[in-house]
Amino acid sequence: MFDTRLIEKLDLKNPYVWLATWFGCGLIKHAPGTWGTLGALPFAVLMLYYGGWAQLLCAGLIVGYFSYKSIRQFENMTGEHDAGAIVVDEVLGIWLALLSIPLSVGGVVSAFLLFRFFDILKPWPVSKFDEIPGPVGVIADDLAAAVYAILCLWGMHHAGFI
């Protein structure tokens, strides 16, 4: 269930490891990006429900700042660029996508599906952002995938589907 090969390389006492893997979601062997995105949803929904978009945006900026450092340390520990276990970038991507629509079950499900679709498919220029070295590249492709999801979500919202 967990990627033991990768876990052996990590200092699990380091809080940056837990941020990079979004509290261990990224350590699940199969589909870590999907697990990381799912792990981000409860936080986002609670922040949107109780604090609105401003609270989610502020949390995203804070997580974004620390994610850069956590990705850098994770890559140094493992020697891998953009390891699948790094899922904090998926957290930032889904949070960005969720900022674009009113909170509803249909909106959250649509945001999840569209974000994962574009993150996995990596259409141009998302694929180009993925080539940027270091933490910026790890994060940038997910934010670009979120932009594609946002465009679709806006269209769906204005068409009355969500």
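Here's the picture: a label point sits 7 Å out from the Cα of Leu151 along the beta-carbon direction, and within region 101-120 the residues with their amide nitrogen under 13 Å of it are 118. Partner lysines whose Cα lies under 24 Å from the Cα of Lys13, excluding those fewer than 8 positions away in the same chain, are identified as Lys29, Lys69. Here region 12-87 is described by how far its Cα atoms reach on the three principal axes: 39, 25, 21 Å, from widest to narrowest.
The magnitude of the dipole of the chain, with charges of +1 and -1 set on the Cβ of Lys/Arg and Asp/Glu and taken from the Cα centre, is near 220 debye. Each Cα pair under 8 Å and six or more residues apart adds its sequence gap; the mean of these over the residue count of the chain is a relative contact order of 24 percent. The calculated FRET efficiency for the pair Phe161 and Lys128, based on their C-beta separation and a Förster distance of 45 Å, comes to about 0.90. Among the trypsin sites (Lys or Arg not before Pro) found in region 19-126, those both in a DSSP coil and sparsely packed, with 16 or fewer other Cβ atoms within 10 Å of their Cβ, are Lys29.
Enter the angle in degrees (range 0 to 90, nearest 10) between the Cα long axis of helix 134-158 and the first principal axis of the Cα atoms of the chain, meaning the one along which they spread out most. Taking Cα atoms only, the helix is inclined about 20 degrees. For a paramagnetic label modelled on Asp11 (point 7 Å from Cα along Cα→Cβ), amide N atoms under 20 Å away belong, within region 44-88, to 66-83, 85-88.
In the chain the Cα-Cα distances spread across 5 Å bins starting at 0 as 2, 10, 19, 22, 21, 14, 8, 3, 1, 0 percent of all pairs. In a fully extended conformation the segment linking Leu121 and Trp53 would gain 21.7 nm over its present Cα-Cα distance, using 0.36 nm per residue.
Each reported figure results from applying straightforward, stated rules to the coordinates on display, with no laboratory input. Fair warning: this is a prediction, and the values are worked out from it, not measured in the lab. Here Cβ is always computed from backbone atoms with ideal geometry, including for glycine, and neighbour counts include all displayed protein chains.
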